[in-house]
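Can you read through this structure? Questions will come right after.
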Amino acid sequence: MDDRLFRDAMGKFATGITIVSIDYGGEILGMTVNAFMSVSLDPKLIAISIDEKASMYNKLQETKKFGVSILAEEQKDISMIFAKQKEKDREIPFIRLDDIPVIKDSIATLSCHVKETTKAGDHMIFIAEVTGLTMSEKNPTLFFGGKYRTMTSL
């Protein structure tokens, strides 16, 4: 099967949008990630999958800790900035959770410490323990069929 067919089929799975962020030598770096999932309740583990071509690939392996910000519907533009679909037109409102950068006003934010990594094809799966979290009641930014969506547009 060709790559486009596979990508289109995977695009039929609606996902939320997250920003994975790290503090790398005093510089906050982030990237849009929709390959995110809960893994375990005891211990509290999540997983993210990062392409080996991503600029944060090696840096995340060095820092071994990261933040996850689950984006609200009004934060779609932040996702687009980190996905390089839009020029950065403003400062991103980062705050700290357990001294790890996360995006202010997200639906949920998690501070995470990497416990395991597994190479899977052209990606690395990072399994991390959640060390802190915040939540708020908002609607999410969604991704489906190669497009950003909202709860009402579905």
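The values are calculated or read from the model by the stated rules, or taken from the named source; none is laboratory data. Remember, it's a predicted structure, so these values are computed and weren't measured experimentally. Here Cβ is always computed from backbone atoms with ideal geometry, including for glycine, and neighbour counts include all displayed protein chains.
Is it true that some residue in region 103-125 is closer than 16 Å to Glu27 by Cα and surrounded by 13 or more Cβ atoms within 10 Å (Cβ to Cβ)?
For region 103-125, residues closer than 16 Å to Glu27 by Cα and surrounded by 13 or more Cβ atoms within 10 Å (Cβ to Cβ): present.
Among the residues that make up region 80-98, is at least one of them surrounded by 15 or more Cβ atoms within 10 Å (Cβ to Cβ), in contact with a Phe, Trp or Tyr (Cβ under 9 Å, 6 or more places away or on another chain) and within 22 Å of Phe13 (Cβ to Cβ)?
Yes.
Right, next: Anything in region 40-88 that is over 27 Å from Gly146 (Cα atoms), in contact with a strand residue (DSSP E or B) (Cβ under 7 Å, 6 or more places away or on another chain) and assigned to a strand (DSSP E or B)? List them, or say none.
Across region 40-88, the qualifying residues are Leu45, Lys65.
Of everything in region 9-31, what is more than 12 Å from Ile100 (Cβ to Cβ), over 16 Å from the mean Cα position of the chain (by Cα) and part of a strand (DSSP E or B)? Give them in sequence order.
Matches in region 9-31: Glu27 only.
List pairs: first residue in region 69-92 and modelled with pLDDT of 90 or more, second residue acidic (Asp, Glu) anywhere in the structure, Cβ distance under 7 angstrom, at least six positions apart or on different chains.
These pairs meet every condition: Ala72/Asp105.
Any residue at all in region 31-48 that is farther than 23 Å from Leu142 by Cα and in contact (Cβ under 8 Å) with a residue 60 or more places away in the chain?
Yes; the residues of region 31-48 include at least one that is farther than 23 Å from Leu142 by Cα and in contact (Cβ under 8 Å) with a residue 60 or more places away in the chain.
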